[in-house]
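Computed from the coordinates by the stated procedures, all read-outs in this text should not be read as laboratory data. As the structure is a prediction and not an experimental result, all values here were calculated from the model. Quick reminder, even Gly has a Cβ in these numbers, built from the backbone with ideal geometry, and neighbours come from all protein chains shown.
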Amino acid sequence: MTDYIKSMQPFIQQAWEKAGFTEPTAIQEEATPLILQKKDVIAESPTGTGKTIAYLLPILQQIDTEKKDVQAVILASSQELVMQILEQIQEWSQGSGMKSASFIGGANTKRQLEKLKKKPHIIAGTPGRLAELVKMKKLKMHEVKTIVLDEGDQLLIPEHEQTIEQIIKSTLKDRQLVLFSATVPEQVEKKAASLMKEPEKVKVSHDKKALGKVEHLYVVCEEREKIEVVNSIVKNQQIKALAFVNDIGEVNVIGEKLSFKKVDVGVLHSETKKQEREHAIKRFRSGDTSLLVATDLASRGLDIQELTHVIQMDVPRDGKQYIHRAGRTGRSGAEGTVISLVEPREERSLKRAAKEAGVKLDERELKRGRLVEIKK
């Protein structure tokens, strides 16, 4: 067991061993000590590098279960992300006597008030619903020691900004504010810093330890052939794949074309209706569908366990986008495969993005539904 985890409470050490982790990722090593020191933190690290654990463990470490008050609040922009965070809280707080709860928009308010009566120590929620509970004076914020903005770049946007500020202002001045995100644009960093006290900035560009055993392959083909390549891969291999498309308009088109070829596929983009989105994610998680086609924005905060493949149907803009996509598979040391489909004229752009991401690409060709090495 590493020094990182030896200093934590026994229930956290047990959860660490149960999870099969051997060593912390770069973001965990850098951010966790700062949070334990009660510092305000702005942390940027790619998808799949263990950001939730980086902020969650130091928070759980410091919660006083003797107090019957909410001591930590985690804010997230989507209901799915809130539920994923709650699962992590429950998993890592087993045996601690800690109570947790989630609060999301659209859920029955009366039922959510019942949750508050059970006196949770740590909560996760969407901004609108938490602000509503604060305004109703049902959620008492005077004992809150830490507020986390998870996927902070999605929270500090005009739509949520005022609500976030209201929630922060409802706490006492000595509270700690922490922001974590895969990307922290300059305007988001400035806004976050204005709400913090001398924040520490942590930036991890890519983390080889977190990327696991991931194979990076690419296939050169014409645009019209990409659907057939995906169709063959899905039908000839046992996979659970997330396919990335740059353009919203193309997501439904690709979904329809694959459905026509009898592929069980789900689609996600920013205009997907809430119920359709939930249905698509639920079917994908349960294994009813083996492929989910999505835009980068629509997949934010989406944590799918045991994702075997990432398929890039469009070339990533740069190394950063490549890392964010690739980080969906091969989590926590698991194996995974990233397959990029490129037209001949796009090959150079893909290689440039891969070089920026620090990954080695291998070319393959499709034969009888299998990706095989090209004999030179």
With 19 Å as the limit, write out which pairs from Lys138/Lys274; Lys110/Lys137; Lys110/Lys138 have Cα-Cα distances beyond it, or answer none.
-> Lys138/Lys274
In a Gaussian network model of the chain with springs linking alpha carbons closer than 10 Å, the residue among Pro158, Pro120, Pro33 that fluctuates most is Pro158
What lysines sit close enough to Lys375 to cross-link, taking a C-alpha to C-alpha distance under 16 Å and skipping anything fewer than 8 places away on the same chain?
-> Lys367
Tally Lys/Arg at +1 and Asp/Glu at -1 over every other residue whose Cβ is under 12 Å from the Cβ of His216; what's the total?
-> +3
In whole Hz, what ³J(HN,Hα) sequence does segment 157-162 give by Karplus (6.51, -1.76, 1.60; θ = phi - 60°), x for Gly and Pro?
-> 10, x, 4, 10, 3, 5
Convex hull volume of the Cα atoms in the chain, per residue, in Å³?
-> 141
Any idea what log10 I(q)/I(0) is at q = 0.14, 0.15, 0.31, 0.32 Å⁻¹ for segment 288-338, Debye with uniform C-alpha scatterers and no solvent?
-> -0.34, -0.39, -1.54, -1.57
Compute the separation of the alpha-carbon centres of segment 255-326 and segment 353-376 and state it in Å as a whole number.
-> 22
Listing Leu361, Leu56 by rising number of other beta-carbon atoms within 10 angstrom, fewest first, gives Leu361, Leu56
Using amide H atoms built 1.01 Å from N in the peptide plane, name the residues 5+ places from Phe103, or on other chains, whose amide H lies under 5 Å from its own.
-> Ala124, Gly125, Thr126
Can you give me the relative contact order of the chain as a percent, contacts being Cα pairs under 8 Å and 6 or more apart?
-> 19
Which of the GluC sites (Glu not before Pro) found in segment 179-260 are in a DSSP loop and have at most 12 neighbouring Cβ atoms, other than their own, within 10 Å?
-> Glu222
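When a/c reaches 1.5 or more, the comparison of a/b and b/c decides; with that in mind, is segment 272-316 rounded, prolate or oblate per its Cα gyration tensor?
In terms of gyration-tensor shape, oblate.
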For segment 213-373, the dipole about the Cα centre with charges only on Cβ (Lys and Arg +1, Asp and Glu -1), to the nearest 20 debye, works out at 360
How big is the charge dipole of the chain about its Cα centre, in debye rounded to the nearest 20, if each Lys and Arg gets +1 on its Cβ and each Asp and Glu gets -1 on its Cβ?
-> 900
Once normalised by the length of segment 234-331, the mean sequence separation of its alpha carbon contacts under 8 Å that are 6 or more apart gives a contact order in percent of 38
Using alpha carbons only, how many degrees (0 to 90, rounded to 10) separate the axis of helix 248-260 from the longest principal axis of the chain?
-> 60
Helix-only [θ]222 nm of the chain, DSSP H runs n ≥ 4, -39500 (n - 2.57) each, per residue, nearest 500 | -11500 deg cm²/dmol
Top mean-square fluctuation among Gln84, Gln187, Gln321, Gaussian network model of the chain, C-alpha springs under 10 Å?
-> Gln187
Cβ charges +1 (Lys, Arg) and -1 (Asp, Glu), total dipole of segment 156-298, debye = 580
Could you work out which residue, out of Ala15, Ala243, Ala354, moves most in a Gaussian network model of the chain, that is, has the largest mean-square fluctuation with Cα springs under 10 Å?
-> Ala15
Evaluated at 20 °C with a viscosity of 1.002 mPa s, what Stokes-Einstein diffusion coefficient in µm²/s does segment 213-373 have when Rh comes from the Kirkwood expression over alpha-carbon pairs?
-> 137
Per 5 Å bin, what percent of the C-alpha pairs of segment 3-203 does each bin hold, from zero upward?
-> 1, 8, 17, 21, 22, 16, 10, 4, 0
Would you kindly derive the ³J(HN,Hα) couplings of segment 10-27 from the backbone phi angles with the Karplus curve 6.51 cos²θ - 1.76 cosθ + 1.60 (θ = phi - 60°), listing them in order in whole Hz, with x for Gly and Pro?
-> x, 5, 6, 4, 5, 5, 4, 5, 4, 6, x, 6, 10, 9, x, 7, 4, 5
